[in-house]
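Structure record follows, encoded as structure tokens.
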């Protein structure tokens, strides 16, 4: 391998975890290459926001300075386009510059669908569906809950997702003033409801002033009977309600509880690929970002001191597997325990008025 390949980190997956890992590595001067199967970064509809709390100290420490001041990063919920700003000469009217292109982009290579990898004593090679290959020192699978990297790394039953006890029902709609006004009186961003074995979030994501309409989304999660829908063998005669029940009977959140150890070598996994959890605790992104921070620190020291990267990945696994396992199980428990769910909100967001839950001590 070349000198650059001796330290290059191959990242499979350009979701939040993969992108942050790339930026962390860039900030520490560690060479990397990041690959995404989508042809364009906006090929698919996006639209899930996550609350970053536990990982913020890591981000302040490790992100490159050229990304700007994190305290002023924002998302414009009322605008369906990405935030941007343009600069024009006030006298001539000529265009001077734009903030659309951020400095220090992660350099994602799109249209690269990962198929498998091969490793040896000198490095690891990633193979893609288009026939191309790339060589590096290590490979990190950040390719989500249905990770192909995990499937090859762990193989067989150990790599399989397991259905949780919770069904997810999601949707969105446009509401007129007479309906959205009472909702905005309750909260301007989102409303969370909880009951035993049920959770729901209902929030606004856009405002159309010319029509006086607001767009809302909802996500309902509830614990389903194990036998739900199985008795409906004759779909032709089923009612609409029965068809709906049948349709959602198998649409369950998926989980992956991390194993005790990962195989030693030049390949590892990060984020949902190693700990897929149901979203009742808001821990998925924070845990993935802390994985990325741990891996970056360990690799920086390992490369500087000339250590065996396989030992470094063992150290990384020892750091992230217990935390990931704990977060998966705590997220599952949050769906079963109403008080625990509200306690988690209080711990992460801050004091909640007693009127929200007057039974608290």
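The values are calculated or read from the model by the stated rules, or taken from the named source; none is laboratory data. Here the structure is a predicted model, which means the values were calculated and not measured. As a convention, Cβ positions derive from the backbone with ideal geometry for all residues, glycine included, and neighbour counts pool all protein chains shown.
A few notes on this one:
- Residue 221 satisfies every condition listed in (1) over 20 Å from the mean Cα position of the chain (by Cα); (2) at pLDDT 70 or above; (3) over 30 Å from residue 139 (Cα atoms) except (1).
- Elements of type helices (runs of 4 or more DSSP H) in region 273-361, at least 1 residues being over 24 Å from the mean Cα position of the chain (by Cα) and modelled with pLDDT of 70 or more: 284-305, 309-336
- Within region 179-195, considering residues that are modelled with pLDDT under 80 and loosely packed, with under 12 Cβ neighbours inside 10 Å, the one farthest from residue 332 (Cα to Cα): 185
- Per the listing 254, 234, 264, the residue uniquely at pLDDT 75 or above and surrounded by fewer than 20 Cβ atoms within 10 Å (Cβ to Cβ) is 264.
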